[in-house]
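Before any comments, here is the structure.
Rule-based calculations on the coordinates, nothing more; no lab input. Remember, it's a predicted structure, so these values are computed and weren't measured experimentally. Don't worry about glycine lacking a Cβ; one is built from the backbone with ideal geometry, like all the others, and counts go over all protein chains shown.
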Amino acid sequence: MKKIIFLLLILTGYSVNSKEMRNYVDQPDIDDGYNIHIIYALPSDGIDKKYDLNNQISMLAHQMDKWFNKKTKDRLFPEGQHLKFDRKDDGKIDITFLRLEIENLSISKEGINAVNIIQSEISRLGFNEEKKVYFVVYGGSNKDVCASSQLPQHVQRSVTANTAALYYPGKGDDSCVENNGGFKPEFNNTTRFALHEIFHVLGVVPKCAPDHLVFSNDGTINDGIGGHLTVPSDIMFSVQSNITFSKMDQLDMKSINYYNHDNDCLDLAKSRYVDPTVDNPQLPTYGID
Ligand SMILES: [Zn+2]
């Protein structure tokens, strides 16, 4: 009997805690406000899988940051750098839950451009702080891609380009679950694509990078309009040749394109969105007005 009561207490306590933990608004910042704020967003007809409450999104963020820290060790800082995710005062990631007022089909059918619909919707719902960039785990599908991002350097400053999105579970060949690993405690393709898109919204790869990929046309649907490297082993390689996904495991190893270089182009090591942050850090570069 004692055992049963004890179990019941745990179960009740757990459900109360879960309710308390769900955040519908951006919590007070514990940093200078320049951070990557994560949103778990559902379409109006989407099923709530509680990824903000059951550690799936926190684990994804942890895996992305772990990889970034490993790849930046002994470069600009001996201990490496971390991604500046928005955190609460207990150190946990501040994830907002948001129910959008748009049906999944209207978002999914936009393919790589779905992120633009999501961005304008989260902005309308109050998530458009000038200092922040947003990483949205969208709990719906996408007809073409597992993840996509807005590219600040390809739009004018008057346009907002502050959002990257992961379409989860997604649907079809490019589903984040079917072929790309899903939420797992490892750096799989789901993690890789999420991080690739976050780098995009931070301004990577700058157009002036020596190895920046230039298309004679607009590229394939998955390549979009730019922001990629011609280096197959790099996480910012164009996804055009999709047989090499798992080899995309480097972060500008030559330090000439987007991390810790010595030219005037945008440098992720000097971004406001990484920690430690240099003096006079950079914001993503926008196109010319
Ligand atoms: Zn890309």
Does the range 117-166 classify as rounded, prolate or oblate by the C-alpha gyration tensor (a ≥ b ≥ c root eigenvalues; a/c under 1.5 gives rounded; else a/b over b/c gives prolate, otherwise oblate)? oblate
Which residue, Asp32, Asp74, Asp249, has the most motion in a Gaussian network model of the chain that connects Cα atoms within less than 10 Å? Asp32
Sorted by Cβ neighbour density within 10 Å, fewest at the top, the residues Leu53, Leu229: Leu53, Leu229
For the chain, the longest site-free run once trypsin sites (Lys or Arg not before Pro) in DSSP loop states with at most 16 other Cβ atoms within 10 Å are removed: 158-206
Straight-line reach from Lys254: which lysines have a Cα under 28 Å away, not including same-chain ones fewer than 8 places off? Lys66, Lys70, Lys71, Lys73, Lys84, Lys207, Lys270
Among Asp174, Asp94, Asp45, determine the one that fluctuates most according to a GNM of the chain built with springs between C-alpha atoms less than 10 Å apart. Asp45
Could you list the GluC sites (Glu not before Pro) in the range 114-193 that lie in coil according to DSSP, counting only those with at most 14 other Cβ atoms within 10 Å of their Cβ? Glu130, Glu178, Glu186
Please report the net charge: other residues with Cβ closer than 14 Å to the Cβ of Asn188, K and R +1, D and E -1. +1
Most fluctuating residue of Val214, Val274, Val177 in a GNM of the chain with Cα springs under 10 Å: which is it? Val214
By how many degrees, 0 to 90 and rounded to 10, does the Cα axis of helix 114-124 deviate from the longest principal axis of the chain? 60 degrees
With the cut-off at 1.5 for a/c, could you classify the chain from its C-alpha gyration tensor as rounded, prolate or oblate? prolate
³J(HN,Hα), Karplus 6.51/-1.76/1.60, whole Hz, each residue of the range 69-82, x for Gly, Pro: 5, 4, 6, 9, 4, 6, 10, 5, 10, x, 8, x, 10, 10
If Lys and Arg each add +1 and Asp and Glu each add -1, what is the summed charge of the other residues whose beta carbon sits under 9 Å from the beta carbon of Phe85? -1
Put in order of increasing Cβ neighbours within 10 Å, starting from the fewest, Tyr167, Tyr34, Tyr273 give Tyr34, Tyr273, Tyr167
Sort Ser148, Ser58, Ser233, Ser106 so that the residue with the fewest other Cβ atoms within 10 Å of its own Cβ comes first and the one with the most comes last. Ser233, Ser106, Ser58, Ser148
Mind pulling the angle between the C-alpha long axis of helix 2-21 and the longest principal axis of the chain? Nearest 10 degrees, somewhere in 0 to 90. 40 degrees
Can you tell me the orientation of helix 189-201 relative to the chain, as the angle in degrees between its alpha-carbon axis and the longest Cα principal axis, to the nearest 10? 60 degrees
Rounded to the nearest 500, what is the chain's calculated 222 nm mean residue ellipticity when only DSSP H runs of at least 4 contribute -39500 (n - 2.57) each, over all residues? -7500 deg cm²/dmol
